[in-house]
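Heads up: the structure comes next, in structure tokens.
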């Protein structure tokens, strides 16, 4: 009984930590996104509120919380209200297994990475629910495109992840990190890294794969009919997904928390935010793909390449030993 | 053994509570006013024509079916990936055959033109 209580308290406390991290990370990332895009386009970006606009997102968030929640007339009420929850839940659960340092992690599970993959797939379901329930043509189009996108990126993502799993022989994040003690996987598996980043960008619905949202054609895509806090939850989940995908890529390819001089947590966060910066850079470099182009690209290039990468990895591993 | 995964369930339930709480709280707080125009779906200011839940030609349906097949094959590969180092040459060759069958399947589908967008 006492054990259960202690365990519950520990999980509760970690959840508070996770929620604060999710909030702070989203506030920071939105500011960073605006600054990065501004500087890429040679303009200053937000400058008024706080130092170089650092408090701008806090002001925006406060405004968003105060906004009225509008529920359009013909929505499918239950699914409409459930969609933000289904979107937000996997985001929280994924943090259960992400190791920020050898000691700073909630649970070091032997199914860790599999858990993240399993839960991150729920995001598509949430988008489909939101799009269908909204009774809005733009939202429905966004939802259908999201499914098409999932059909495209999911398999290469799983297959490239597998070539790392073979090398580590485990799903446990700490084992995967420890396996890169000498050389980071990015130098051993450069192709897998490129494929994983492409699929990860698609998974987070970031440009050039922001097909379900496509603000210039679909208004806001699947979350067109969501306002106030409900919209904020979608937004929060989206930015946290960027963090999670970058964290998984860091664990897989960049040696996790390992690095000289600085404490492990700092190294981990540095690597994660460097990858996020890369994804923001993509947004202002590549034009958006059509979803048929994405499907063709995934099935004709990504999947064959990841299959080849997997089989070559397996053979090389056997030859080396 | 299974008790190791109990924290996932506990954490999941707490996280569900938090997510529901966030939505419910914002639901409870704040005023709501209704008007005919406000309750319409947002379509850039135009009056919506017809219902949005109309039939939509899902052109990627065939690819979605391949997706199911390949996704399950990927799941089959995962246990192999974990025990790969213990399996020895036998495991490698057997799974190489499996992956090659997968690749031949993809090549067949490709050759049949199923990946082609009409």
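For residue B:74, the requirement of being more than 21 Å from the chain's Cα centre (by Cα) and within 7 Å of another protein chain (Cβ to nearest Cβ) is not met. Is it the case that residue B:52 is buried (at least 16 other Cβ atoms within 10 Å of the Cβ) and assigned to a loop (DSSP other than H, G, I, E, B)? Yes: the conditions hold for residue B:52. Filtering segment A:55-102 to residues that are away from chain B (no Cβ under 14 Å) and either crowded, with 16+ Cβ neighbours inside 10 Å or under 23 Å from the mean Cα position of the chain (by Cα) (or both) leaves A:56, A:57, A:58, A:60, A:99, A:100, A:101, A:102. If you filter segment B:1-37 down to residues that are modelled with pLDDT under 75 and farther than 17 Å from residue A:229 by Cβ, you find that the one that is nearest to the other protein chains (Cβ to nearest Cβ) is B:4. Of everything in segment A:168-186 that is within 14 Å of chain B (Cβ to nearest Cβ) and over 21 Å from the mean Cα position of the chain (by Cα), the residue that is surrounded by the most Cβ atoms within 10 Å (Cβ to Cβ) is A:168. Looking across A:19, A:30, one residue alone is in a helix (DSSP H, G or I) and over 13 Å from residue A:235 (Cα atoms). It is A:19. Within segment B:60-69, is there a residue that is surrounded by fewer than 16 Cβ atoms within 10 Å (Cβ to Cβ), touching a helix residue (DSSP H, G or I) at 6+ places or on another chain (Cβ under 7 Å) and at pLDDT 75 or above? There is at least one residue in segment B:60-69 that is surrounded by fewer than 16 Cβ atoms within 10 Å (Cβ to Cβ), touching a helix residue (DSSP H, G or I) at 6+ places or on another chain (Cβ under 7 Å) and at pLDDT 75 or above.
Considering (1) under 18 Å from the mean Cα position of the chain (by Cα); (2) within 30 Å of residue B:82 (Cβ to Cβ); (3) more than 10 Å from chain B (Cβ to nearest Cβ), the lone condition that residue A:117 does not fulfil carries the number (3).
The values are calculated or read from the model by the stated rules, or taken from the named source; none is laboratory data. Predicted model, so just to flag it, every value in this text is computed and none were measured. Virtual Cβ from ideal backbone geometry, glycine too; neighbours counted across all protein chains shown.
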